[in-house]
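Single-structure report; data block below.
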Amino acid sequence: YVVSVQGPVVDVRFPSTADLPKIYDMVTVPATDGRTVTLEVCEHLSGGIARCIAMSSTYNIQRRAAATSLGAPISIPIGEGVYRRIMNVMGDPIDQKGPIAYTEKRPIRRPQLGTRVAGFKSSALKPELIETGIKILDLLFPVFKGSKTGIPGGAALGKSVLTLEIIHHIVKKHHGTCVFTGAGERIREGNELYFELEKNEILDKIMMVFGQMNEPPGARFGIAMTGITLAESIQRQNKDVLLFVDNIFRFIQAGAEISTLLGRVPSETGYQPTLLAQVAEFHERIRSSEEAGGSITSFEAVYVPADDLTDPAVVAIFSFLDNMLVLSRERIQLGLYPAIDPLLSSSATLD
């Protein structure tokens, strides 16, 4: 039963320590307004208490409400039925188009990959160029299959618009498949994106998962894992897939919110002490391996707080990227689009 609710953090007491669900397992709790709230276990406390993070609003959860452990992590539908659809972090449809047709579900959390390093293959063996049709990208920041491209920039510098342009160019011209992950951005932008893709008739090639600004931090943090799980499911069919994340900074920001709510001591910059581990957990899954077959190529918008490129979260993301297309306010003020500053930017794939 529920013993306490503090914002998105819910403590659930089980009869004994032996009954505690595993870390990342799902627990469901009924709310008095008829909803069922899904929780994800993130810590074991003494006295048989599991500390959980809620994936949706915790309003109307009462103390002593009966909680049910489902004995498995959050799993989402995969397969052809997910194209054209929008899912939330739990894999439920949020586009009001009825249930999603699927044959299989896959957990969004992966077991630790420590033993499987032997399966890695270098994607540098036969570099395959993906043309975007955007001159500055193809000249200075060539995108190869399996590479990771970041688009860092402050507020209102055109990160989402550039991301949409890249989706349009690559998916429409080259008939690729793509997964779009909306993490912590504006609901208006997600809505506009959907209708823009529908207008351009490329929805058939796209799976979408949204955990936007209106969601609690648990959903904004977990949505990155939902997105990469969908991309991995396409990769396993020997297909190349494009993974778009808008915005990966919000994933870290949600992690910082959760970390503070769990009572962990923040680092001296105010971010979570596990900052690098969390960024790595996401980025290390964007990889080519012998078992997978296809490649995952990622494009990630990175919000830069107060235009400060030395922000610890932004620096942590940079260390995983091959290309960095830094957008600059000076170029926006000159009316130059895309507002990429080539001198601030860098590309490991150029050489």
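The values are calculated or read from the model by the stated rules, or taken from the named source; none is laboratory data. The structure displayed is predicted, hence computed values, not measured ones. Here Cβ is always computed from backbone atoms with ideal geometry, including for glycine, and neighbour counts include all displayed protein chains. Just so you know, the surface numbers come from the protein's heavy atoms only, side chains and all, with ligands and any DNA or RNA stripped out. Shrake-Rupley method; radii C 1.70, N 1.55, O 1.52, S 1.80 Å.
Looking only at residues in segment 148-177 that are part of a loop (DSSP other than H, G, I, E, B) and out of contact with any strand residue (DSSP E or B) (no Cβ under 9 Å at 6 or more places or on another chain), which one is nearest to Pro217 (Cα to Cα)? Before you say what the answer is, go through the steps one by one.
Residues of segment 148-177 that are part of a loop (DSSP other than H, G, I, E, B), as a first pass: 154-158, 175-176.
Restricting the remaining residues to those that are out of contact with any strand residue (DSSP E or B) (no Cβ under 9 Å at 6 or more places or on another chain) gives 156, 175.
On the way: Ala156: 23, His175: 34 Å.
Selected residue: Ala156.
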* Asked: When you scan segment 198-302 for helices (runs of 4 or more DSSP H) that lie fully inside it, which ones turn up with 3 or more residues that are surrounded by 22 or more Cβ atoms within 10 Å (Cβ to Cβ) and touching a strand residue (DSSP E or B) at 6+ places or on another chain (Cβ under 9 Å)?
  -> 217-235, 248-261
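Do the conditions hold for Phe180, that is, is it part of a helix (DSSP H, G or I) and either open to solvent by 30 Å² or more (accessible area, probe 1.4 Å) or of a type outside the set (D, E, K, R) (or both)? Let's see the steps before the verdict.
On the way: part of a helix (DSSP H, G or I): no; either open to solvent by 30 Å² or more (accessible area, probe 1.4 Å) or of a type outside the set (D, E, K, R) (or both): yes.
No.
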* To do: Could you tell me which of the residues Leu336, Leu344, Leu350, Leu321 is part of a loop (DSSP other than H, G, I, E, B), open to solvent by less than 30 Å² (accessible area, probe 1.4 Å) and under 20 Å from Thr132 (Cβ atoms)?
  => Leu321
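Any chance you could count how many residues in segment 9-26 are out of contact with any Asp or Glu (no Cβ under 8 Å at 6 or more places or on another chain) and open to solvent by less than 70 Å² (accessible area, probe 1.4 Å)? Spell out the reasoning first.
To start, the set of residues in segment 9-26 that are out of contact with any Asp or Glu (no Cβ under 8 Å at 6 or more places or on another chain) comprises 9-22.
Going one step further and asking which of them are open to solvent by less than 70 Å² (accessible area, probe 1.4 Å), we end up with 9-12, 14, 16, 20-21.
The total comes to 8.
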* Does segment 146-155 contain any residue that is at pLDDT 95 or above, surrounded by 22 or more Cβ atoms within 10 Å (Cβ to Cβ), of a type in the set (A, V, I, L, M) and at negative phi? -> yes
* Asked: Is it the case that segment 72-81 has a residue that's touching a Leu at 6+ places or on another chain (Cβ under 7 Å) and polar (S, T, N, Q)?
  -> no
* Checking Gln96 against (1) surrounded by 13 or more Cβ atoms within 10 Å (Cβ to Cβ); (2) more than 27 Å from Gln6 (Cα to Cα), the condition it does not meet -> (1)
* With respect to Leu140, determine if the residue is modelled with pLDDT of 90 or more, open to solvent by 10 Å² or more (accessible area, probe 1.4 Å) and more than 20 Å from the chain's Cα centre (by Cα). => yes
* Asked: Restricting attention to segment 44-85, which residues are farther than 16 Å from Pro8 by Cβ and touching a helix residue (DSSP H, G or I) at 6+ places or on another chain (Cβ under 7 Å)?
  -> Gly48, Ile76, Ile78, Val82, Tyr83, Arg84
* Name the residues in segment 28-51 that are under 21 Å from Ala72 (Cβ atoms), more than 22 Å from the chain's Cα centre (by Cα) and either surrounded by 19 or more Cβ atoms within 10 Å (Cβ to Cβ) or of a type in the set (A, V, I, L, M) (or both), would you? -> Val29, Ile49, Ala50, Arg51
* To do: Could you check Asn88 against (1) surrounded by 19 or more Cβ atoms within 10 Å (Cβ to Cβ); (2) farther than 17 Å from Leu39 by Cα and say which number it fails?
  => (2)
